[in-house]
Ligand code: S3P
């Protein structure tokens, strides 16, 4: 498959009003829970990124009828739930593409099914650690085979799982969710204890689908054997996707962007806290509740940013935003020190080293450490970087290019489609100038409006 490369020119004066891509975490979970609920779940604004479409495809392969309609201009999906015992054995491996979330959550669910399954992923996913889910699921009685703790996973038909009490060794919403999804069909109670708060969409949505779940401090508790009732889910815009436009508007001079209906679940808003400490002008307007999640419209204006210290607790609440926060730090005055970010090394790429390499190539002073990096604010030079096939690295450096001294070329941007399929179109609407090419394989396009 041919790849896709971006060339981004510096710009100022970004403006406009956008609704960025829908929330990826909520989209995956609403398909998964809708599939095993009783009745028909309707999901408005499901993210149609490749990661979520891989989840949709996996459930279709297990006999769940999932239909799309776009009656009101916005895609809506109906998931005809088959109930807790209604999934059918797929007739081949389930391919979860680039998505760690789909892979880990579905692995949890599959561990409790009365049929065997095999889960596979792309090259990047095949390098990501799965022992973190295999170990607790095995404690529950699941039988999972892997080659040295990485995909593919071969999951045997379950022979009755039992509930466990498990303290997560790493703060991970994906691991927490894998255990909770397995626990739905386990005997007795499961308690997951989090070392640090992580996103709670699984708990919130389980409750929204009528499943009894209780949360007390760091403990999430549920008993197996209940059922889920179909629900209507309206997916908010993803703060993790809004992050690119937030930082773009902050660092490009004379800019002001309004980002509509963005999810502001407190377990996700670490980026807003960090940027506020750096001096960002971000206003939250029209705060409201939408399907159990807090949302607001964000109004972001160009700001003079100053470096700050980012701790492990900050990182857990901004886990996917650290690349673009690093770009903000590089455009800020002074030094930013990021600690406790070792989890970034096992994302779609090793995000500490891909960010550090990219910043260095564009002339920014960076010191990499095992658990983070120190970034000295400066001026980006024009140049070329490699996103290493990581969607968030590609988008973060598209933002960096806004304030570079000339064009920045970013190689291997195809995976932007996993989380934010219309990124270049929306970027063009704001005044960003991104042209897209396939490195000579044929067919160039432009996402710029000039
Ligand atoms: C996600 C959790 C995070 C995040 C990922 C989405 C989720 O991973 O990086 O993009 O939807 O649960 P970890 O919780 O494993 O850090």
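Is it true that some residue in the stretch 126-135 is part of a helix (DSSP H, G or I), within 16 Å of the ligand (Cβ to nearest atom) and either more than 20 Å from residue 193 (Cβ to Cβ) or at pLDDT below 95 (or both)?
yes
What about residue 184, is it touching a residue at least 40 places away in the same chain (Cβ under 8 Å), away from the ligand (no atom under 16 Å from the Cβ), farther than 21 Å from residue 263 by Cα and buried (at least 18 other Cβ atoms within 10 Å of the Cβ)?
Here the answer is yes, as residue 184 does meet what is asked.
In the stretch 340-360, which residues are under 18 Å from residue 404 (Cβ atoms) and either touching a residue at least 12 places away in the same chain (Cβ under 8 Å) or buried (at least 24 other Cβ atoms within 10 Å of the Cβ) (or both)?
Of everything in the stretch 340-360, those that are under 18 Å from residue 404 (Cβ atoms) and either touching a residue at least 12 places away in the same chain (Cβ under 8 Å) or buried (at least 24 other Cβ atoms within 10 Å of the Cβ) (or both) turn out to be 354, 355, 356, 357, 358, 359.
Cβ contacts < 7 Å: first residue at positive phi, restricted to the stretch 153-180; second residue away from the ligand (no atom under 16 Å from the Cβ) and in a loop (DSSP other than H, G, I, E, B), any location; separation 6+ or different chain. Result?
That search, which allows pairs on different chains as well, returns 160/141.
Filter the stretch 49-80 down to residues that are within 16 Å of the ligand (Cβ to nearest atom) and assigned to a loop (DSSP other than H, G, I, E, B), then give me how many there are. Outline the logic, then answer.
Taking the stretch 49-80 and keeping what is within 16 Å of the ligand (Cβ to nearest atom), we get 49-56, 58.
Adding the requirement that they be assigned to a loop (DSSP other than H, G, I, E, B) leaves 49.
Of the residues in that region, 1 qualify.
Cβ-Cβ distance below 6 Å, separation of 6 or more or different chains: which pairs start in the stretch 96-120 with a residue that is on the phi > 0 side of the Ramachandran plot and end on one that is assigned to a loop (DSSP other than H, G, I, E, B) and within 16 Å of the ligand (Cβ to nearest atom)?
If the second residue must be assigned to a loop (DSSP other than H, G, I, E, B) and within 16 Å of the ligand (Cβ to nearest atom), the pairs left are 97/122.
Scanning for something surrounded by fewer than 23 Cβ atoms within 10 Å (Cβ to Cβ) and at positive phi, does the stretch 216-224 turn up at least one residue?
Among the residues of the stretch 216-224, at least one is surrounded by fewer than 23 Cβ atoms within 10 Å (Cβ to Cβ) and at positive phi, which makes the answer yes.
For a quick check of your reading of the model, give me the residue pairs whose first member lies in the stretch 13-39 and is on the phi > 0 side of the Ramachandran plot and assigned to a strand (DSSP E or B), whose second is at pLDDT 95 or above and away from the ligand (no atom under 13 Å from the Cβ), with beta-carbon atoms closer than 8 Å and at least 6 apart or on different chains.
Note: pairs meeting the criteria are 16/257; 16/258; 16/429; 16/430; 16/431; 39/81; 39/229; 39/230.
For the stretch 282-308, give me each residue that is within 19 Å of residue 201 (Cα to Cα) and outside any strand (DSSP E or B).
291, 292
Among the residues of the stretch 154-177 satisfying the criterion of being part of a strand (DSSP E or B) and within 16 Å of the ligand (Cβ to nearest atom), which is surrounded by the fewest Cβ atoms within 10 Å (Cβ to Cβ)?
Step by step, filter the stretch 154-177, then rank; the result is 167.
Pairs under 9 Å by beta carbon, first residue without any contact (Cβ under 8 Å) to a residue 12 or more places away in the chain in the stretch 283-301, partner part of a strand (DSSP E or B) and surrounded by fewer than 18 Cβ atoms within 10 Å (Cβ to Cβ), six or more apart or different chains?
Between residues of the stretch 283-301 that are without any contact (Cβ under 8 Å) to a residue 12 or more places away in the chain and residues that are part of a strand (DSSP E or B) and surrounded by fewer than 18 Cβ atoms within 10 Å (Cβ to Cβ), the close pairs are 286/260; 288/294.
Quick check on the stretch 259-277: of everything there that is assigned to a loop (DSSP other than H, G, I, E, B) and in contact with a strand residue (DSSP E or B) (Cβ under 6 Å, 6 or more places away or on another chain), which residue is surrounded by the most Cβ atoms within 10 Å (Cβ to Cβ)?
265
Here is a yes/no grid of residues against (1) buried (at least 16 other Cβ atoms within 10 Å of the Cβ); (2) touching a helix residue (DSSP H, G or I) at 6+ places or on another chain (Cβ under 7 Å):
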| site | (1), (2) |
| --- | --- |
| 7 | yes, no |
| 15 | no, yes |
| 20 | yes, yes |
| 58 | yes, yes |
| 79 | yes, yes |
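Only one of these conditions is not met by residue 46: (1) touching a strand residue (DSSP E or B) at 6+ places or on another chain (Cβ under 6 Å); (2) within 16 Å of the ligand (Cβ to nearest atom); (3) closer than 21 Å to residue 156 by Cβ. Which number is it?
Only one criterion is unmet by residue 46, namely (3).
From 315, 295, 324, which residue is surrounded by 16 or more Cβ atoms within 10 Å (Cβ to Cβ) and in contact with a strand residue (DSSP E or B) (Cβ under 6 Å, 6 or more places away or on another chain)?
Values: 315 fails: in contact with a strand residue (DSSP E or B) (Cβ under 6 Å, 6 or more places away or on another chain); 324 fails: in contact with a strand residue (DSSP E or B) (Cβ under 6 Å, 6 or more places away or on another chain).
Among 315, 295, 324, only 295 is surrounded by 16 or more Cβ atoms within 10 Å (Cβ to Cβ) and in contact with a strand residue (DSSP E or B) (Cβ under 6 Å, 6 or more places away or on another chain).
Out of all the residues in the stretch 61-77, which are at pLDDT 95 or above, crowded, with 16+ Cβ neighbours inside 10 Å and under 23 Å from the mean Cα position of the chain (by Cα)?
First, pick out the residues of the stretch 61-77 that are at pLDDT 95 or above: 61-68, 77.
In the following step, the residues that additionally are crowded, with 16+ Cβ neighbours inside 10 Å were identified as 61-62, 64, 66, 77.
The answer is 66, 77.
Just for the stretch 81-116: of the residues that are surrounded by fewer than 22 Cβ atoms within 10 Å (Cβ to Cβ) and part of a strand (DSSP E or B), which one is nearest to the ligand (Cβ to nearest atom)?
Residue satisfying both the conditions and the ranking: 95.
Say whether the condition of being over 22 Å from the mean Cα position of the chain (by Cα) and either within 13 Å of the ligand (Cβ to nearest atom) or without any contact (Cβ under 8 Å) to a residue 40 or more places away in the chain (or both) is met by at least one residue in the stretch 225-239.
For the stretch 225-239, residues over 22 Å from the mean Cα position of the chain (by Cα) and either within 13 Å of the ligand (Cβ to nearest atom) or without any contact (Cβ under 8 Å) to a residue 40 or more places away in the chain (or both): absent.
Of the conditions (1) part of a loop (DSSP other than H, G, I, E, B); (2) within 11 Å of the ligand (Cβ to nearest atom); (3) crowded, with 20+ Cβ neighbours inside 10 Å, residue 196 fails just one. Which one is it?
Only one criterion is unmet by residue 196, namely (3).
With respect to the numbered conditions (1) surrounded by fewer than 17 Cβ atoms within 10 Å (Cβ to Cβ); (2) out of contact with any helix residue (DSSP H, G or I) (no Cβ under 8 Å at 6 or more places or on another chain); (3) assigned to a loop (DSSP other than H, G, I, E, B), which one is the sole condition not fulfilled by residue 141?
(1)
Any chance you could count how many residues in the stretch 27-36 are touching a strand residue (DSSP E or B) at 6+ places or on another chain (Cβ under 7 Å) and within 13 Å of the ligand (Cβ to nearest atom)? So that I can check it myself, show each step before the final result.
If we filter the stretch 27-36 for residues that are touching a strand residue (DSSP E or B) at 6+ places or on another chain (Cβ under 7 Å), which is where we start, we get 30-31, 34-36.
Cutting the leftovers down to within 13 Å of the ligand (Cβ to nearest atom) gives us 30-31.
Summing the residues that are touching a strand residue (DSSP E or B) at 6+ places or on another chain (Cβ under 7 Å) and within 13 Å of the ligand (Cβ to nearest atom) in the stretch 27-36 gives 2.
The values are calculated or read from the model by the stated rules, or taken from the named source; none is laboratory data. Because the structure is a prediction, the values reported are computed rather than measured. Backbone-built Cβ (ideal geometry, glycine too); neighbour counts: all protein chains shown.
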